[in-house]
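Before any comments, here is the structure.
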Amino acid sequence: AGFAGERLFDGKTTLRAGEDELTLEDLPPRNLDDVNAQDDPSGAAAVLSAALDSINTMRQRVGSFQSTSLASEQRLAENETIAAASSLSQIRDADYAKEVAEEARFGILEQTTRTAITLALTSNSRALSLLQR
C-alpha cells in the first residue's frame with residue numbers, strides 16, 4: 001500500500017516493551033493461485049505448510065518476547081508498587097511515632113506542672129504554718 005508514491009508499510013511489525021523490541025517480518029508471499037490444487041495437491045499442501053510454519057515461528061517469537069520482555073516489565077512495575085507501599089508505610093509509621101512522642105512530651109510537661117504547683121502550694125502552707133506557731 002502506498003500514498004503519494006511512497007510505501008506506507010515496509011512489511012514489518014515491531015513490538016516494543018520498554019527498551020526491548022521485537023520485529024516480525026511479514027509472511028513470505030506465497031500465492032495459492034500459482035499452484036493448481038487439483039493438478040498439484042502436494043504443491044498446494046507445501047505452500048500451506050510453509051505458511052503455517054512461518055505463522056508458528058512468529059507465534060513462538062512473540063511468546064518468547066512476552067515471557068522475557070513483558071514479564072520483566074510487569075515484575076518491575078510490581079516491585080515499584082511494593083516499594084511505594086513500603087515507603088508509604090514507613091512514612092505513616094514515622095508520623096505515628098512523632099505523634100506518640102508529642103503526646104508523651106505533653107504528658108511529661110503536664111506532670112511537671114502539676115508537681116510544681118503542688119510543691120508551691122505545699123511550701124506556702126508550710127511557711128504559713130511555721131509563721132503561725
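The values are calculated or read from the model by the stated rules, or taken from the named source; none is laboratory data. What you see is a predicted model; the values in this text were computed from it and never measured. Because the Cβ atoms are built from the backbone with ideal geometry, glycine has one as well, and the counts that use them run over all protein chains shown. Note: accessible area is taken over every heavy atom of the protein model, side chains too, but ligands, DNA and RNA are not part of it. Shrake-Rupley method; radii C 1.70, N 1.55, O 1.52, S 1.80 Å.
Cβ-Cβ contacts under 8 Å between residues 6 or more apart (or on different chains), taken from a first residue in segment 24-46 that is aromatic (F, W, Y) to a second residue that is assigned to a loop (DSSP other than H, G, I, E, B) and at pLDDT 60 or above, are absent. Within segment 41-76, the set of residues being open to solvent by less than 50 Å² (accessible area, probe 1.4 Å) and among the aliphatic types (A, V, I, L, M) comprises A44, V47, A50, A51, M58, V62, A71. Take the conditions (1) within 40 Å of the chain's Cα centre (by Cα); (2) open to solvent by 100 Å² or more (accessible area, probe 1.4 Å); R105 misses just one of them, which is (1). Apart from one condition, D93 fits all of (1) open to solvent by 80 Å² or more (accessible area, probe 1.4 Å); (2) within 30 Å of A17 (Cβ to Cβ); (3) not hydroxyl-bearing (S, T, Y); the exception is (2).
Taking the numbered list (1) modelled with pLDDT under 90; (2) open to solvent by less than 60 Å² (accessible area, probe 1.4 Å); (3) more than 42 Å from the chain's Cα centre (by Cα) in turn, G5 passes all entries but (2).
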